[in-house]
Amino acid sequence: MGWEVSESCVDSLLTEMVSMYCNRLYANKPELAASRIDAIGYQVGHQLSERYTMERPRFTDHLDAIKFICKDFWSELFKKQIDNLKTNHRGTFVLQDNRFRWVSRMSLDPSENGDLSQENAEAAENKAAQEPNMHLHFSCGVIKGALHNLGIACAVSADPSHLPACSFVVRIKP
Amino acid sequence: MIVCVAVVGHQNNPLYIQSFTDADDSLKLRHIVHCSLDVVDERVNNPKKSGPTLNETFLGLLYPTENYKVYGYLTNTKVKFILVTTDLDVKDADVRNFFRRFHAAYVDAISNPFHEPGKKITSKTFAERVSTIVKSFGMSSTR
């Protein structure tokens, strides 16, 4: 039983969800908004991992599960694989996607309002930097939920410094 | 004839248990399902005994009791499906097929946004799909 939805619907849904949590529900508390968005992503990742591991044999170790996330899981979600995977062999993995789909259409230019004073420019830049961060909380939640469902407790954070390329740092809890 | 199917979560919490015979047996069936969880754990944690089938989802015949055969299936997310049947000549392929369809129904039930992970599955659609799969299992093996 498969239903299909156009990708722009998913993009709009995510954008609206982030905007609702940041601007209306938790307007002055970005940490709470971030953790709620992360929790939504967690449940989505949890359910998706159940679906995408259906036909596969079981994973033998953490590296197998991370490779599953990089290849199959990412292909199902974004139609491409993770471009680069690095590890320090001590429980930290860095997944790098050179063109992360959900932020690829975001405008990254903070100076949209013509000439601003120095103070306003900084505030505008901070606000513009926050928006992709909030979207990335959702993606981190998705990865965390998927890994938790596979039995791997971990913490996931995103590094948005070179958008649209995005790195996710996964730290496995011992 | 299948008498009971059960879905057990990764902390050995029951998520769905359904018996297809009279209610008198249901306690005994629950007991059988409970005992089979130990066998599943043993199979998974003893790689030397299992040999090449360590990573398969289908665990095969867990143990035969006096009247029943118990089959197990372990998913990647440590969710166990247990099947109790009274058939004496069940084909392996039939059971695998059953578990494949059951897994598909389970995944669809889990993807319901109103379902809370870890709680029991209360979806009627899932119950109907399971009874359809159970009925068609009975038919395909009475050739």
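Numbers at a glance
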{"quantity": "Theoretical gain in end-to-end length, A:Asp159 to A:Ser19 [0.36 nm per residue, Cα-Cα removed]", "calculated": "48.4 nm"}
{"quantity": "Within the stretch A:1-86, chymotrypsin sites (Phe, Trp or Tyr not before Pro) in DSSP loop having at most 10 other beta-carbon neighbours inside 10 Å", "calculated": "A:Trp3"}
{"quantity": "Overall dimensions of the stretch B:2-141 as given by Cα atoms, namely Rg and Dmax in Å", "calculated": "14.4, 41"}
{"quantity": "Theoretical gain in end-to-end length, A:Met54 to A:Ser6 [0.36 nm per residue, Cα-Cα removed]", "calculated": "14.9 nm"}
{"quantity": "For the protein assembly as shown, diffusion coefficient by Stokes-Einstein and Kirkwood Rh (Cα), 37 °C, 0.692 mPa s, µm²/s", "calculated": "149"}
{"quantity": "Restricting the stretch A:25-113 to GluC sites (Glu not before Pro) in coil, as DSSP defines it, with at most 16 other Cβ within 10 Å", "calculated": "A:Glu55, A:Glu112"}
{"quantity": "Over 19 Å between alpha carbons, listed pairs A:Lys173/B:Lys120; B:Lys69/B:Lys91; B:Lys91/B:Lys120; A:Lys173/B:Lys80; B:Lys28/B:Lys91; B:Lys78/B:Lys119", "calculated": "A:Lys173/B:Lys120; B:Lys91/B:Lys120; A:Lys173/B:Lys80; B:Lys28/B:Lys91"}
{"quantity": "Value at 222 nm in deg cm²/dmol, rounded to 500, when DSSP H runs of n ≥ 4 in the protein assembly as shown each add -39,500 (n - 2.57)", "calculated": "-14500 deg cm²/dmol"}
{"quantity": "Net +/- balance of residues flanking A:Thr92 in space, Cβ distance below 12 Å, scoring K and R +1, D and E -1", "calculated": "+4"}
{"quantity": "Centre separation in Å (Cα based) which lies between the stretch A:73-88 and the stretch B:75-143", "calculated": "31"}
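Quick note: the coordinates plus some simple rules give every number you see, no bench work behind them. In this text, all values refer to a predicted model and were calculated from it rather than measured experimentally. Neighbour counts are summed over all protein chains in view; Cβ atoms, including those assigned to glycine, are modelled from backbone coordinates with ideal geometry.
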